[in-house]
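Report on the structure given below.
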Amino acid sequence: MADVIGYEEKDPRVMQAFKSGYPRFFRNPLISQLAERLAETGITNSEDPLLPTEATAVDLCHFLKIDWSRIVPVESIWSVRLPDDPTLRKECRAFLQHTGCGLSSREAETILERQFNQPAFEEERSPLSPEDNYAKIRSGLHQIYGTAAETDIHLFRSGMNAFYTGFRALQAIQLNEQRDLWIQLGWLYVDTSRILERFALPGADPVSIYNVMDLNELKEVLRKQGHRVAGIVTEVPTNPLVQTPDVEVLRELADKYKSALILDPTLVSPHNVNVLSYSDLHINSLTKYAASDADVMMGALALNANSRFYDDLLRQVSAFGTAPSTGDLARMAAQIGRYPKTIHQVNQTTVKVAAFLESHPGVTSVSWARTQPSGYNYNWLQHLEAGPGSILSFTTRKPLAEFYDPSRIVKSPSFGARFTMMCPFMYLAHYDLVNNPEGRATLRKHGVDPDLIRLSVGLEPADEIIRELQRTL
């Protein structure tokens, strides 16, 4: 826990110990190596961002409000020569984190191998062409999502990039109807919230409604401002409280007020709940579950052919997004065949671990997909032979550090991998609230314990996971 806090407070002792980290938050070593090599040529600075396409470089310049003349082509990629301004560099890092459009480590590796004879890492990749790998991934997702056509599924280089793309496209469409306001329903993943905040139109700060089980507040907001509401965004279930809203009511409200509805079932996987028919945009991070080795960033955006926005979205949906790299497509295509088996095994194990946590005297609360009352909504949506996904959020009777520090479970901010992992979620997602009494009171007011642990169950035998939890509880 001391290291978690040190990371959030940028303690040099902790930051200097990092070798790599979650890609949207931490520059991969291969990208750093490439940046240093390119800097030796004098074309760019080693600290300048490296981007996969000219369009992403233009988007970054627009966000930073700097001239496009700073965009520089380098090899097969692009860079933006940033002014020597710490604030601009911080904003650049925020843009890459929120939008998930940055260079892939596999793209950097390809250039290092081709231009600088640096050996590539050996891994299993599909031998098919990039186009065939894309088609293979999309075909598998089509069977899960139930889209009208495979072409209604679009792949992007991260889950956040898929969300950013869909949000910006709908934002542009709805602006034509003088609709500029967005509603966030529930505690959502931190960068989903940041995109709604950072890319809001002037005078249209997003509305946050945290209780997904009582939709009266949402109805009241729509009653007063429904004429300007562009869309409603929520997760099914939400992260980290694992609460499932009543999506039928959400669909009815969206239709009544002509608002878009964006639904994201990533927390448990679309294998377990299929919400495409209720959504205008269906977002799914393939980094979770589909890439069960936890080594590929990718996201999918699926369109509902029955949506009022379908035709407009078909024309605009790729305008703001960045496609996955060739190497990432090949790596994902090699793994995605294991997706159904991974989900099936995780589902079975999660049920057993949940039963253990709910009965343990050292555990004060447990939230998972079947926790009532939201479990009713989840079970109603769940596929016949599906289950609860991997996520269990719980609190402990003993101080957090006494449970967390000695644990041998992998400590990680991600989920949906073949190995079990956990994190003190609110410290990583909302440290600004956790680190002071007022913020902690705010979290508790909205039903969130600041010391919440989020556990992602993997493919290990249930008794092994339970034994390790028992040891530190």
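Between Asp152, Asp191, the distinction of being touching a residue at least 60 places away in the same chain (Cβ under 8 Å), within 16 Å of Phe309 (Cα to Cα), buried (at least 18 other Cβ atoms within 10 Å of the Cβ) and among the charged types (D, E, K, R) belongs to Asp152 only. Do we find that Gly21 is surrounded by 12 or more Cβ atoms within 10 Å (Cβ to Cβ), over 13 Å from Leu103 (Cβ atoms) and modelled with pLDDT under 90 in this structure? For Gly21, the condition - surrounded by 12 or more Cβ atoms within 10 Å (Cβ to Cβ), over 13 Å from Leu103 (Cβ atoms) and modelled with pLDDT under 90 - is met. Residue pairs whose Cβ atoms lie under 8 Å apart, separated by 6 or more positions or on different chains, with the first residue in segment 162-179 and charged (D, E, K, R) and outside any loop (DSSP other than H, G, I, E, B) and the second surrounded by fewer than 24 Cβ atoms within 10 Å (Cβ to Cβ) and modelled with pLDDT under 95, are Arg168/Phe199; Arg168/Ala319; Arg168/Phe320. Of all residues in segment 143-170, those being in contact with a strand residue (DSSP E or B) (Cβ under 6 Å, 6 or more places away or on another chain), closer than 25 Å to Ser414 by Cα and not β-branched (Val, Ile, Thr) number 10. Within segment 181-261, considering only strands (runs of 3 or more DSSP E) that don't extend past its boundaries, which have at least 3 residues that are in the same structural domain as Ser277 (by TED's automatic domain parsing) and β-branched (Val, Ile, Thr)? Hits in segment 181-261: 229-235. Residues considered: Thr151, Thr110. Of these, the only one that is over 25 Å from Gln316 (Cβ atoms) and either over 22 Å from the mean Cα position of the chain (by Cα) or part of a helix (DSSP H, G or I) (or both) is Thr110. Scanning segment 176-184 turns up at least one residue that is under 24 Å from the mean Cα position of the chain (by Cα) and acidic (Asp, Glu). Pairs are defined by a Cβ separation below 7 Å, a sequence spacing of at least 6 or placement on different chains, a first member in segment 367-378 that is aromatic (Phe, Trp, Tyr), and a second member that is in a loop (DSSP other than H, G, I, E, B); the pairs so defined are Trp368/Val242; Trp368/Pro388; Tyr378/Pro237; Tyr378/Thr244; Tyr378/Ala369; Tyr378/Arg370. Of the set (1) β-branched (Val, Ile, Thr); (2) in contact with an Asp or Glu (Cβ under 8 Å, 6 or more places away or on another chain); (3) within 21 Å of Arg198 (Cβ to Cβ); (4) without any contact (Cβ under 8 Å) to a residue 24 or more places away in the chain, all apply to Thr99 but (4). For segment 422-449: of the residues being crowded, with 19+ Cβ neighbours inside 10 Å and in contact with a Phe, Trp or Tyr (Cβ under 7 Å, 6 or more places away or on another chain), which is farthest from Ser193 (Cα to Cα)? For segment 422-449, the residue satisfying everything is Pro424.
Pairs meeting the criteria (first residue in segment 16-44 and in the same structural domain as Ile77 (by TED's automatic domain parsing) and assigned to a helix (DSSP H, G or I), second residue buried (at least 17 other Cβ atoms within 10 Å of the Cβ) and of a type in the set (Asp, Glu), beta carbons under 6 Å, at least 6 apart or on different chains) are Leu30/Glu109.
Restricting Ala294, Ala305 to residues that are in the same structural domain as Gly203 (by TED's automatic domain parsing), surrounded by fewer than 24 Cβ atoms within 10 Å (Cβ to Cβ) and within 30 Å of Arg418 (Cβ to Cβ) narrows the list to Ala294. Being closer than 20 Å to Ser393 by Cα and in a strand (DSSP E or B) is a description that does not apply to Thr266.
Within segment 122-138, is even one residue of a type in the set (Asp, Glu), assigned to a helix (DSSP H, G or I), out of contact with any Cys (no Cβ under 8 Å at 6 or more places or on another chain) and surrounded by 21 or more Cβ atoms within 10 Å (Cβ to Cβ)? No, segment 122-138 has no match at all.
A count restricted to segment 62-90 and to residues that are part of a helix (DSSP H, G or I) and either over 24 Å from the mean Cα position of the chain (by Cα) or hydroxyl-bearing (Ser, Thr, Tyr) (or both) stands at 6. Checking the stated criteria, Val366 turns out to be part of a strand (DSSP E or B) and out of contact with any Cys (no Cβ under 7 Å at 6 or more places or on another chain). Of all residues assigned to segment 394-404, at least one qualifies as being modelled with pLDDT of 95 or more and within 28 Å of Leu215 (Cα to Cα).
The values are calculated or read from the model by the stated rules, or taken from the named source; none is laboratory data. Keep in mind that what you see is a predicted model, and the values were worked out from it rather than measured. Reconstructed Cβ throughout: ideal geometry from the backbone, glycine too, with neighbour counts over all protein chains shown.
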